[in-house]
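Encoded as structure tokens, the structure appears first; notes follow it.
Quick note: the coordinates plus some simple rules give every number you see, no bench work behind them. From a predicted model like this one, the values you see are computed outputs, not experimental measurements. Here the Cβ is made from the backbone with ideal geometry for all residues, glycine too, and neighbour counts use every protein chain on show.
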Amino acid sequence: MQEEIREIEDGLCLTVRVANDQGLHARPAARLVKEASRFTSRIVLASGDAEVDAKSILDILSLAAAKGTALELRASGPDAREALRHLAATFANRFREDT
Amino acid sequence: MARLILHGIPVSAGISIGKAFFAWRDNISTLPRGIVTPGAAQSEVERLESAVEAVQNELTQARNRVPAELKDHAAIIDSHLLIAADPKLIKDAARRIQEQNITAEWALEQAVEAIALAFSSIEDDYIRERVQDVRVVADRISKRLMGASGCLKRPLQERMVLMAHDLAPADTMELPLDKIMSFATSEGGKTSHTGILARSMLIPAVVGVSNLEEHVNDGDLVIVDALRGFIIVDPNEDELADYTELKFQFEAYQKALHKECRLPAETVDGYRVEVVANIEMTEEVAQVLDSGGEGVGLYRTEYAYLSRPALPTEDQLYEEYSELASIMAPGKVIFRTLDVGADKMLTEQTLMREPNPALGLRAIRYCLRNIDVFKTQLRAILRASVHGNVALMFPMISGLQELRQAKVLLNEVRMELDRARQPYNPNMPVGIMIELPSAVLIADSLAQEVDFFSIGTNDLIQYSLGIDRGNKHVSYLYQPLHPAIVRSIKFVVDAAHREGIEVSVCGEVAADPYCIPILLGMQIDAISIAPQSIPGIKRIIRRTNMEECKTLLNEVLRTATVARINRVVKDTIFKQFPEELTFYSSLIDHDD
């Protein structure tokens, strides 16, 4: 049921879904920033026209992505593929700490 | 100071009477909003960076002092640390210093206002309120820039009512909590950090108090009513006497609740109701047992499916289910089969992009379409049935045929287990959720083919009244005592009892002190509610008279409008528990 990583103009992208009840609220957003910051690639989250920095908690919060929202994760850089895989798992685990 | 009442939002229940003490009185006018010489801009940026670093160190230290039981609190400080490092805030402020040649304090203020503006159009209340976090972090950096540190202007000598514009988690970690009777802040809403901290430490708190700083001074005598959400400044003698009494009563009530929570929920005239819990994780069992729950009336099984990228295996589910069943034994555990869809989607469901998932391929419909997924779960539940008092129920049943299809599959699984010589309880009860109006109307037929009913009122109300409770434009129509809802529940209970099967109500209605007497009047057999609601509801049931519940139910059934029903119910119930009900809020509070 995992989505495929696709190639785009300047990197890779993957569609993820917000699965936790609260949506991308403070704690999940914090978790996401921490995980994204482990990679050197530039990572952005896109929802409709909005495109935000996955390493900025304020940017992520400003998306106000509710549960069920589909988001596109785009990464460009040396560890783009790893980053997308890892972040997709973070989304799938609903940002739980124990994974 | 003249007597004055200030209104706010109660976030941690309780009463306190004491002297006010302001943690820090903000004085915005002293913020240096000045121009620096172009050459000084670089040193201004460096000043900002070193203040940010100092604040990050303070926050990290505060984070390390958070006791393990305050995990939420640690998470909040973590998010503040991220804000302090966020490029949106700090890099933007640095850019403003260089472009406009202004002081670091002014640049930071501008950066915050830019973020506040961007957030102001967000519809989600919780996220909009997080601008407060940005302000709190920026405020800390700003104070640091102006040479201050810490949160209290001087140490507390005696127990005080702590007041502040807002309290950040890092601030609260530096507070001597044993010297604080209660909190009052002028900022903050229902989800504010002060509330989280206060609840976990059992300290009363009122937030969002308008004009707090203008009207209260250090040393003023105040009453903090964190049951109803206001502050009385300079109270008169009658108020002091009344509140001293109320405070005493509330504290005694909390103690009594805990002491009595293991007693059976039996009305004064001997009608016994089973009180069980709604949970979604095995770890919650401890709380169920602590609060006097007699079993689990609704185990939501979705978590195992939504928490991993792949579907759970039969053995993973079996392990989870049998652990839960054996811990809870001899208390029962009712497993609700997979209820995905609507607000809880599997990845493949989200890919279908249904235009209206609440009315789409969800719950039992999804399971009947994905038979392998369904049978894997049924096998795990059946195998777990030998480890305790296990029952199973199907969600979202809309008609007889769906129920029969599900039961055919359950029988196939039983035969497969027989062939594999795996043990299971052949008499495990099988029930259904009644949450669709169609199921209500054919409850008599359904009752002939199952062992029990569980009425899911949260969904039944939404589907019957045609409203989405999360939609703020129509949420006012979420009316638990609408005549259609009361009649529906009554119809289902009567149909069940005619066939000699048990019926329970799971949903917030069953945890509402004003609604529970109506359910009792219908002679429901069990209620299933959140663990934290159990002690209070059990106590109310034990003080209720079944005959009076029946009389009230009959009056409700004869009444045509919701407003009138709510009025009648409120007046009647309030007269029965005038003291207790001051400690509760209700689903029917926002009528007329």
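Need the full-extension length gain, B:Lys19 to B:Asn427, defined as separation in residues times 0.36 nm minus the C-alpha distance. One decimal, nm.
On the way: separation 408, 0.36 × 408 = 146.88 nm, distance 6.35 nm.
Extra length available between B:Lys19 and B:Asn427 comes to 140.5 nm.
Can you give the local net charge around A:Glu51? Use residues other than it whose beta-carbon is closer than 12 angstrom to its beta-carbon, Lys and Arg +1, Asp and Glu -1.
Numbers: positive: A:Arg42, A:Arg74; negative: A:Asp49, A:Asp53, A:Asp59, A:Glu72.
Neighbourhood net charge equals -2.
Pop out the ³J(HN,Hα) list for segment B:464-469 in order, Karplus 6.51 cos²θ - 1.76 cosθ + 1.60 with θ = phi - 60°, rounded to Hz; leave Gly and Pro as x.
For segment B:464-469, the Karplus-derived couplings read 6, 8, x, 10, 9, 5 Hz, x marking Gly and Pro.
Could you let me know the centre-to-centre spacing of segment B:424-463 and segment B:469-514, using Cα atoms, in angstrom?
13
I'd like the mean, over residues of A:22-29, of how many other protein chain beta carbons sit within 10 Å of each residue's own Cβ. Spell out each step's value before the answer.
Values: counts 4, 3, 2, 6, 14, 5, 0, 4.
The shielding value for this peptide is 5.
For the Cα atoms of chain B, what angle does the longest principal axis make with the long axis of helix B:546-557, in degrees from 0 to 90, nearest 10?
Relative to chain B, helix B:546-557 is tipped by roughly 80 degrees.
Average partner chain C-beta neighbours within 10 Å, per residue of B:78-88? Numbers along the way, then the final one.
Numbers: counts 7, 9, 3, 3, 13, 7, 0, 5, 9, 5, 8.
Rounded to a whole number, the mean comes out at 6.
Nearest 500 deg cm²/dmol is fine: what mean residue ellipticity at 222 nm does chain B get from its DSSP H runs of n ≥ 4 alone, each adding -39,500 (n - 2.57), divided by its residue count?
On the way: 25 runs with 281 residues, N = 592.
The per-residue figure over chain B is -14500 deg cm²/dmol.
Take every DSSP beta bridge whose two residues both sit in chain B, then give the antiparallel share in percent to the nearest 5. Mind showing how you got there, number by number?
Numbers: 20 of 60 bridges.
Percent antiparallel among DSSP bridges in chain B is about 35.
Just to check I understand the Karplus step: with θ = phi - 60° and J = 6.51 cos²θ - 1.76 cosθ + 1.60, what whole-Hz values come out for segment B:82-93, glycine and proline as x?
After applying 6.51 cos²θ - 1.76 cosθ + 1.60, I find 5, 5, 4, 9, 6, x, 4, 8, 6, 5, 5, 5 Hz.
For a quick check: sort B:Lys247, A:Lys34, B:Lys259, A:Lys55 by the number of other beta carbons within 10 angstrom, fewest at the front.
On the way: B:Lys247 19, A:Lys34 16, B:Lys259 10, A:Lys55 22.
Going from sparsest to densest Cβ surroundings: B:Lys259, A:Lys34, B:Lys247, A:Lys55.
Which whole number gives the average, over all residues in B:132-140, of C-beta atoms from other chains lying within 10 Å of the residue C-beta?
On the way: counts 0, 4, 3, 0, 0, 0, 0, 0, 0.
The mean count of partner-chain Cβ atoms within 10 Å per residue comes to 1.
Take the Cβ-Cβ distance between B:Arg498 and B:Arg469 as r, set R0 to 30 Å, and report the resulting FRET efficiency rounded to the nearest 0.05. Provide the component values of the computation, followed by the final result.
Numbers: r = 32 Å, r/R0 = 1.05.
E between B:Arg498 and B:Arg469, to the nearest 0.05, is 0.45.
Between helix B:314-328 and chain B, what is the angle of the helix's C-alpha long axis to the longest principal axis, kept within 0 to 90° and rounded to the nearest 10?
Between the helix axis and the principal axis of chain B, the angle is about 90 degrees.
Under the rule of at least 5 residues apart or a separate chain, name every residue whose amide H is placed under 5 Å from the amide H of B:Ala391.
B:Val333, B:Ile334, B:Phe335
Beyond 29 Å, what share of the Cα-Cα pairs of segment B:261-587 remains, rounded to the nearest whole percent?
Values: 19572 of 53301 pairs.
Tail of P(r) above 29 Å: 37 percent of Cα pairs.
Please give the length that would be gained between B:Tyr126 and B:Asn458 if that part of the chain were fully extended, namely 0.36 nm times their separation in residues minus their C-alpha to C-alpha distance (nm, one decimal).
Answer, rounded to one decimal: 117.3 nm.
Report relative contact order for chain B in percent, whole number only (criteria: Cα-Cα under 8 Å, sequence separation at least 6). Please list the in-between numbers first.
On the way: 1044 pairs, mean separation 81.8, N = 592.
Across chain B, relative contact order equals 14 percent.
Going out from 0 in 10 Å bins, what whole percent of all Cα-Cα distances in segment A:6-91 drops into each bin?
Spelled out per bin, shortest first, that is 20, 59, 21, 1.
Starting from 0.36 nm per residue, how many nanometres of slack lie between B:Asn411 and B:Asn356 once their C-alpha separation is accounted for?
Numbers: separation 55, 0.36 × 55 = 19.80 nm, distance 3.24 nm.
Extra length from B:Asn411 to B:Asn356 when fully extended: 16.6 nm.
Around B:Phe577, which amide H atoms from residues at least 5 apart in sequence, or from another chain, sit under 5 Å from its own amide H, with H modelled in the peptide plane?
none
Can you give the convex hull volume per residue for the Cα atoms of chain B, as a whole number of Å³?
On the way: hull volume 104.1 nm³, N = 592.
Convex hull of Cα atoms, per residue: 176 Å³.
I'm a student and want to see the number: the projected area of the Cα convex hull of segment B:203-290, averaged over all directions, in nm². All intermediate terms of the calculation are to be shown ahead of the outcome.
Numbers: hull surface 38.6 nm².
The directionally averaged projection comes out at 9.6 nm².
Once the Cα atoms of helix A:26-36 and of chain A are each reduced to a long axis, what angle between those two axes, in degrees from 0 to 90 to the nearest 10, is obtained?
For helix A:26-36, the angle is close to 20 degrees.
Return the long-range amide H neighbours of A:Ser41 (sequence gap of 5 or more, or a different chain), with a cut-off of under 5 Å between placed amide H atoms.
A:Asp79
To check my understanding: the extent here is largest minus smallest coordinate of the Cα atoms along each principal axis. What are those three numbers for segment B:28-145, in Å, largest first?
Between the extreme Cα coordinates on each principal axis of segment B:28-145 lie 50, 34, 26 Å.
Relative contact order, percent, of segment A:6-91 when contacts are C-alpha pairs under 8 Å separated by at least 6 residues?
On the way: 156 pairs, mean separation 37.4, N = 86.
It rounds to 43 percent for segment A:6-91.
Add +1 for every Lys or Arg and -1 for every Asp or Glu among the other residues with Cβ under 11 Å from the Cβ of B:Ala40, and state the total. Numbers along the way, then the final one.
Values: positive: B:Arg47; negative: B:Glu44, B:Glu46.
It works out to a net charge of -1.
Can you give the local net charge around A:His86? Use residues other than it whose beta-carbon is closer than 13 angstrom to its beta-carbon, Lys and Arg +1, Asp and Glu -1. Mind showing how you got there, number by number?
On the way: positive: A:Arg31, A:Lys34, A:Arg38, A:Arg81, A:Arg85; negative: A:Glu35, A:Asp79, A:Glu82.
Computed value for this residue: +2.
Determine the shape class of segment B:347-500: with a ≥ b ≥ c the square roots of the Cα gyration tensor eigenvalues, call it rounded for a/c under 1.5, and otherwise prolate if a/b is greater than b/c, oblate otherwise.
Since a/c reaches 1.5 but b/c is at least a/b, the shape of segment B:347-500 is classed as oblate.
Could you run the Debye sum over the Cα atoms of the protein assembly as shown, one equal point scatterer each and no solvent, and tell me log10 of I(q)/I(0) at q = 0.11 Å⁻¹, two decimals?
So the normalised log intensities work out to -1.28.
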